[in-house]
Amino acid sequence: MSEFDGTEIAIIGMAGRYPKSRNLDEFWNHLRDGDELVSFFTDEEVLARGVAPEVVAGDHFVKAAVVLDDMELFDASFFGFTRREAELLDPQHRLFLETAWEALENAGYSSDVYDGLISVYAGAGINSYFLANLFNNPVFGPLEQLSLL
């Protein structure tokens, strides 16, 4: 029997969202089956997304991406946001909230009835959503005018 020092943790629930996989089970099945999870696009599809024709025609432009399904289905009111607040919220933040909730559900915990502490450990990459979509937007910028900070 091992000794415990009070710093142990137990992982009792997990959640994740990956390309072509809405949950960990789907992701594992794709990995097991050797499925391609990168989406490839035609010139027409890339042009319709606003990529400049000279970029699409370039030798170094790759018409592929990893795509997460259902990103537009965020339930703002469930998480206490107005629709407008949710529109301004970084998509990674929306996805984090959804996935954290799924991890709690997967663990069988309800934050409404559980009196103890519940922790969610997560990871995300650095992104430029704020700088690319809000900071230079004339409706929201420049930075010193934003009341969000």
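Every number here is computed from the coordinates shown, using simple stated rules; none is lab data. Treat the numbers as computed from the prediction; the structure is a model and nothing was measured. In this analysis, Cβ positions are derived from the backbone assuming ideal geometry, glycine residues included, and neighbour counts consider all displayed protein chains.
Work from the charge dipole of the range 40-87 (Cβ charges, +1 for Lys and Arg, -1 for Asp and Glu, about the Cα centre) and give the residue of Met71, Val51, Thr82 farthest towards its positive end.
Among Met71, Val51, Thr82, the one farthest towards the positive end of the dipole of the range 40-87 is Thr82.
Suppose every K and R has +1 on its Cβ and every D and E has -1 on its Cβ; what is the size of the dipole of the range 1-71 about the Cα centre, in Debye to the nearest 20?
Dipole magnitude for the range 1-71 comes out near 140 debye.
Amide H of Tyr18 versus every other amide H placed in the peptide plane: which residues, excluding those fewer than 5 positions away on the same chain, fall under 5 Å?
When sequence neighbours closer than 5 places are left aside, the close amide H contacts are Asn23.
So, with +1 on the Cβ of K and R and -1 on the Cβ of D and E, and no other charges, what is the size of the charge dipole of the range 23-131 about its Cα centre, to the nearest 20 debye?
Dipole magnitude for the range 23-131 comes out near 360 debye.
For every other residue with a beta carbon closer than 13 angstrom to the beta carbon of His30, add +1 if it is Lys or Arg and -1 if Asp or Glu, then tell me the sum.
Local net charge: -2.
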